Amino acid sequence: MVFRPNIYGDTLQWIFADTHTQQTTTIEIASTPTQLIRSTGLTTGEQKNMPIDANGIVTCKVAGIFMLQYHCSFSGAENSTFSMYWKINNNIQETGKTKWTMKSGDYWAISSQTMINLQEGDTIDLYIENNTDTNDIELENFNQTIFKIS
């Protein structure tokens, strides 16, 4: 048995958040990342030492290597091409980027996972951009998991 004192420096770090509430992200300028709109119910996500605010922004409490994952389904924005990114602090990350084209406006499911080195106090968010035009996109289902691996 491994003893793990309940302090930030030596404890499990993880968060799981999901929503099944439809949320529309308004695209004002093509090819410009904007925060992915998620339900404010995310604050009830299960978490261990990684607080999440009402906008879905997670704060890292200890430094380390983390696995970041998301699984989403979208609808609308027929024939538009989108990219979704992790945003760490104020920096859009190319690592873990997902790019897809919405065909016929039906539901499209996308997933991503990446490993990233985070520092205490780093904020983690998701941003999306429409690379084609200014058609909005609707998030149908959303699942996000972040956990420390090293």
Under 18 Å from the Cα of Lys99, which lysines turn up, not counting those fewer than eight places away in the same chain? Lys87
Along region 134-150, Karplus-curve 3J(HN,Hα) (6.51, -1.76, 1.60; θ = phi - 60°) to the nearest Hz, with x for Gly and Pro, reads 10, 5, 6, 9, 10, 7, 8, 9, 8, 9, 10, 10, 10, 8, 7, 10, 7
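Every number here is computed from the coordinates shown, using simple stated rules; none is lab data. On a predicted model such as this, the values are computed, not experimentally measured, just so you know.
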